[in-house]
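Undergrad: Starting off with a structure, shown below.
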Amino acid sequence: MHTEPERIERMDQYLLYGDIGGTKTLLRSAVIRGGVVECHHEHLYDSHEYADFDAILADFLAQSGCQPAVACFAIAGPVVEQEVHLTNLPWIISAHAIAEKFSIPAVKIVNDFEGTAASIDVLPQGDLVTLQAGKPSPSAPRVVLGAGTGMGVAWLIKHGRYYEPLATEAGHVDFAPTSATQIELLRYLMAKFHRVSIERLLSGQGLTHIFNFLQTDAAKGEHLKSIELNTDDGATVTRLAFEHRYPIALQALDLFAEIYGTYAGNLALTGLCRGGVYIAGGIAPRIIQVLRQPGFIRAFVNKGRYSALVREIPVYVVMNPKAGLLGAGLLAQRLLQQPAIALAE
């Protein structure tokens, strides 16, 4: 009797990954079919509407109808022993608890900027704006930094086939002024906070601080109407600059870009990041026209005897708002020990 050879087909495997912050939670499931990763389901949640992350995850799994083999979540907060207390929400997320409750065999938690850093391996060139071409070294360290609600920083170190992201809290190092105006800005903020970290300047809150400082200074010699801004109102500053060409708002963005460039250059020099400096976060894409002006790169390369070295380091702005999600997806894929595949939008 003739029989056909037994055919063994590998079942579809599902990945679950997400970018979780104090404001929003973006989750996506993907399916691997024949070595190709395809988006399966995606949903954006308002984090404040849920008591905990478990409620969001339960809803998402019910909507998507999949049972993931692995999961990776990039979360805004310091990760300790695969557990994180969110910085801006009263949530505690544990990889072990998620794996147990939702029957997911492998769960990994990373800092949100680890996720963003991981995405650099899969972002297409069209998602990057080059501020300085430099002379990139393919296997050299990279650094990813970004101003948003706070300042995030992660290193990327080549390890075998992959660049491995390393989380840091480098956004909380001390602010170091490099001009007379910045020295006065430091004094202004020290009167309010005593200690001034770089995040006090390079964040939405920081842009507000810079605007208020310049407004206070301008009031001494000019007759400009005072505009009262809340503690974290960077969006209003950019709107005043781009839509109304308000002089102090324009000055605030220029000073913000100058401080940003100096700090990015410090990180590039600290890690000898010849593989590239990547400016991510929510603010950079919104002010790309300011970052492309000479002030940012002029501050970036202003390193005295080491200026020539820093001029050879490439600098890019990450324009994709889902970079953290894509990075978490790549890390989820690596949990399956499969080759890197660019995750489709």
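Undergrad: Can you give me the % of accessible surface on the chain that is carbon or sulfur? Probe 1.4 Å, all protein chains present, nothing else counted.
TA: 51 percent
Undergrad: Looking at the chain as a GNM with Cα springs under 10 Å, which of Tyr163, Tyr17, Tyr50 has the largest mean-square fluctuation?
TA: Among Tyr163, Tyr17, Tyr50, the largest GNM mean-square fluctuation belongs to Tyr50.
Undergrad: When the Kirkwood hydrodynamic radius is evaluated over all pairs of different C-alpha atoms of segment 16-57, what value in angstrom, to one decimal, is obtained?
TA: Evaluated over segment 16-57, this radius sits at 11.2 Å.
Undergrad: Given N residues in segment 25-125, what is Rg(Cα) / (2.2 N^0.38 Å)?
TA: On the way: Rg = 13.8 Å, N = 101, 2.2 N^0.38 = 12.7 Å.
Scaled against compact globular proteins, the figure is 1.09.
Undergrad: Give the relative contact order (percent, whole number) for segment 28-87; include only Cα pairs under 8 Å separated by 6+ residues.
TA: Numbers: 40 pairs, mean separation 12.3, N = 60.
With pairs under 8 Å counted, the relative contact order is 20 percent.
Undergrad: Report the extension gain between His85 and Ala55 in nm, rounded to one decimal, defined as 0.36 nm multiplied by the number of residues separating them, less their alpha carbon distance. Let's see the in-between values first.
TA: Numbers: separation 30, 0.36 × 30 = 10.80 nm, distance 1.63 nm.
Computed gain between His85 and Ala55 is 9.2 nm.
Undergrad: Here's something else I'd like to know. For Arg298 and Arg195 in the same chain, what is the full-extension length gain: residue separation times 0.36 nm, less their Cα-Cα distance, in nm? Provide the component values of the computation, followed by the final result.
TA: Details: separation 103, 0.36 × 103 = 37.08 nm, distance 2.69 nm.
My answer for the length gained is 34.4 nm.
Undergrad: Order of 143-152, 304-313, 72-81 by packing, highest average Cβ count within 10 Å first?
TA: Details: 143-152: 26.0, 304-313: 14.2, 72-81: 21.0.
The peptides rank, most packed first, as 143-152, 72-81, 304-313.
Undergrad: Please work out which option in (i) 21; (ii) 26; (iii) 32 gives percent of Cα pairs over 36 Å apart calculated from these coordinates, and answer with its label.
TA: Label of the calculated value: (ii).
Undergrad: Rounded, prolate or oblate for segment 56-191? Axes are the square roots of the Cα gyration tensor eigenvalues, ordered a ≥ b ≥ c, and the cut-off for rounded is a/c under 1.5.
TA: On the way: a/c = 2.48, a/b = 1.48, b/c = 1.68.
Cα axes put segment 56-191 in the oblate bin.
Undergrad: Given the Cα-Cα distance of Glu164 and Thr181 and 0.36 nm per residue of separation, how much length would full extension add, in nm? Don't jump to the answer; show the numbers that get you there.
TA: On the way: separation 17, 0.36 × 17 = 6.12 nm, distance 3.84 nm.
Residue separation times 0.36 nm, minus the Cα-Cα distance, leaves 2.3 nm.
Undergrad: A follow-up question, please. In Å², what does the accessible area per residue of segment 202-305 work out to with a 1.4 Å probe?
TA: Heavy-atom SASA per residue in segment 202-305 reads 46 Å².
Undergrad: Taking a threshold of 24 Å on the Cα-Cα distance, which of the pairs Lys135/Lys322; Lys192/Lys322; Lys108/Lys135; Lys108/Lys158; Lys101/Lys158 fall above it? Don't skip to the answer; put the middle values down first.
TA: Values: Lys135/Lys322 27 Å; Lys192/Lys322 35 Å; Lys108/Lys135 35 Å; Lys108/Lys158 20 Å; Lys101/Lys158 34 Å.
The pairs that break the limit, which is 24 Å between Cα atoms, are Lys135/Lys322; Lys192/Lys322; Lys108/Lys135; Lys101/Lys158.
Undergrad: Can you give the net charge of the other residues whose Cβ lies under 10 Å from the Cβ of Phe175, counting K and R as +1 and D and E as -1?
TA: Summing Lys and Arg as +1 and Asp and Glu as -1 gives 0.
The values are calculated or read from the model by the stated rules, or taken from the named source; none is laboratory data. Please read these numbers as outputs of a predicted model, since none were measured by experiment. Counting neighbours? That spans all protein chains shown, and the Cβs are built from the backbone with ideal geometry, glycine included. Side chains are part of the model used for accessible areas, which takes the heavy atoms of the whole protein and leaves out ligands, DNA and RNA. Shrake-Rupley method; radii C 1.70, N 1.55, O 1.52, S 1.80 Å.
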